[in-house]
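Written below as structure tokens is the structure these notes are about.
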Amino acid sequence: MIKRFLDFVEMRTKLATILPFLTALAYVFYTTGRINFTSTLIYIPASLMLDMAVTAINHHFEDVRERKLSPHYPKWVSLGLIAAMLLGFAAVGLYLVSIHGLTLLLAGGFCLAAGVAYSFGPAPISKSSYGELVSGFVVGTVVMFIVTTINDPSFQPLGLGFDAQSLRLSMDIDLAGLALFGIVTLPAALCGANIMLANNICDAQADRQTRYTLVHNIGRRGALGLYVGLYCAAYLSIVVSVLIGSIPVICLASLVTLIPVRKNVRRFLDKQSKDETFVLSVKNFVLILCAYALTMALGRLV
């Protein structure tokens with residue numbers, strides 16, 4: 001029973017959520033020297049419930065679409081589990097909103113909408129040419145934005161206010177602050193996007209008739225060039241963040257991961273296989289973000 005559920009939600013793939021979360025904690029620790037453990041511990045199950053729900057939605061509609069003889073669960077059981085996870089995410093999220101403000105509602109609502117739209121509807125994000133953009137932005141930038149918001153009260157590049165007496169909703173946007181923070185999150189966003197891009201490259205032939213992904217639009221050669229370019233941009237963003245003072249100089253030490261990442265990229269360029277080389281994009285994600293988070297945390301200690 002437990003094994004079936006873990007397979008239904010693909011618990012083994014949740015690293016893509018955990019590492020940006022840890023990177024954001026390292027960033028908060030560097031900038032403030034403290035972490036709000038209470039809100040952080042409350043956020044963890046909410047994040048996992050949404051991630052699991054998105055995967056479950058994807059599996060449910062695959063089972064229905066392909067009319068599998070042995071689906072993960074009967075239809076109503078599957079829908080019940082999805083509803084429970086989404087309601088759990090919403091409940092925990094609203095509790096955090098009551099503590100940390102409406103900005104969190106905006107970010108969490110965006111994650112929820114993007115997560116449901118990823119597999120649901122006539123034109124799901126997973127079958128579109130902008131899937132990499134959305135997944136990278138949510139997994140990297142928005143997750144880091146939420147974690148930073150609940151840990152650092154002074155972090156307010158995007159502020160929402162509501163005056164109940166006049167029923168007036170106001171928004172205050174710090175464009176410079178958002179841009180600087182966005183650059184810091186690029187390694188997580190770009191490496192996360194590359195996981196989906198690698199998956200779509202490996203499945204390009206099988207998906208040709210059913211999915212119009214970015215690979216379908218720009219071709220395999222263009223997709224492989226983009227794959228390399230996203231890693232280059234991720235490393236460049238680390239250098240830029242150091243130069244503008246957003247992260248400590250010691251973060252440049254994370255560039256040493258270029259050596260194994262370059263080797264993995266070459267292997268993927270030689271052969272794009274779901275069974276053999278797709279995992280290299282996940283390994284690159286782990287290498288880059290672990291080094292990035294560790295050096296940021298050390299920046300505070302040193």
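The values are calculated or read from the model by the stated rules, or taken from the named source; none is laboratory data. Here the structure is a predicted model, which is why all the values come from computation and not from measurement. Neighbour counts run over all protein chains shown; Cβ positions are idealised from the backbone, glycine included. The protein model used for the area step is the full one, side chains on, heavy atoms only, and it has no ligands, DNA or RNA in it. Shrake-Rupley method; radii C 1.70, N 1.55, O 1.52, S 1.80 Å.
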- Task: Per residue of the range 243-257, in order, report the coupling 6.51 cos²θ - 1.76 cosθ + 1.60 (Karplus, θ = phi - 60°) as ³J(HN,Hα) in whole Hz, putting x for Gly and Pro.
- Result: 5, 8, x, 6, 9, x, 4, 4, 4, 5, 5, 5, 5, 5, 5
- Quick one: order L25, L258 from most to least accessible surface, probe 1.4 Å. L258, L25
- Query: When the scattering of the range 210-283 is computed by the Debye formula from its Cα atoms alone, each counted once and equally, what is log10 I(q)/I(0) at q = 0.11, 0.25, 0.27 Å⁻¹?
  - Reply: -0.37, -1.14, -1.23
- Query: Of the labelled options (i) 25.5; (ii) 15.8; (iii) 17.2, which one gives mean projected area of the Cα convex hull in nm² as computed for this structure?
  - Reply: (iii)
- Quick one: dipole size for the chain, taken about the Cα centre, charges +1 on Lys/Arg Cβ and -1 on Asp/Glu Cβ, in debye to the nearest 20. 820
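Only Cα pairs under 8 Å and at least 6 apart count here; give the relative contact order of the range 1-157 as a rounded whole percent.
Answer for the range 1-157 is 34 percent.
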- Item | Solvent exposure, largest accessible area first (probe 1.4 Å, DNA, RNA and ligands not counted), of L167, L96, L294 | L167, L294, L96
- Query: Please state the relative contact order of the chain as a whole percent: Cα pairs under 8 Å, 6+ residues apart?
  - Reply: 22
- Kindly state, to the nearest 0.05, the FRET efficiency for F5 paired with I244, given R0 = 45 Å and r defined as their beta-carbon distance. 0.50
- Item | Heavy atoms of M49 accessible to a 1.4 Å probe, total area in Å² rounded to 10 | 40
- Please find, in a Gaussian network model of the chain (springs between Cα atoms separated by less than 10 Å), the residue of S254, S170, S98 whose mean-square fluctuation is greatest. S170
- Task: Using the heavy atoms of the protein chains and a 1.4 angstrom probe, tell me the accessible area per residue for the chain in square angstrom.
- Result: 51
- Message: Could you put F21, F110 in order of accessible surface area, largest first, with the 1.4 Å probe and the full protein assembly present?
- Response: F110, F21
- Note on the structure: Rg/Rh of the range 1-143 (Cα atoms, Kirkwood Rh), to two decimals, equals 0.99
- Query: 222 nm [θ] for the chain, helices only, -39500 (n - 2.57) per DSSP H run of 4+, per residue, to 500?
  - Reply: -23500 deg cm²/dmol
- Message: Just to verify a number: what accessible area does F278 come out at with the full protein assembly present, 1.4 Å probe, Å² rounded to tens?
- Response: 40
- Item | Heavy atoms of D172: accessible area, 1.4 Å probe, square angstrom to 10 | 100
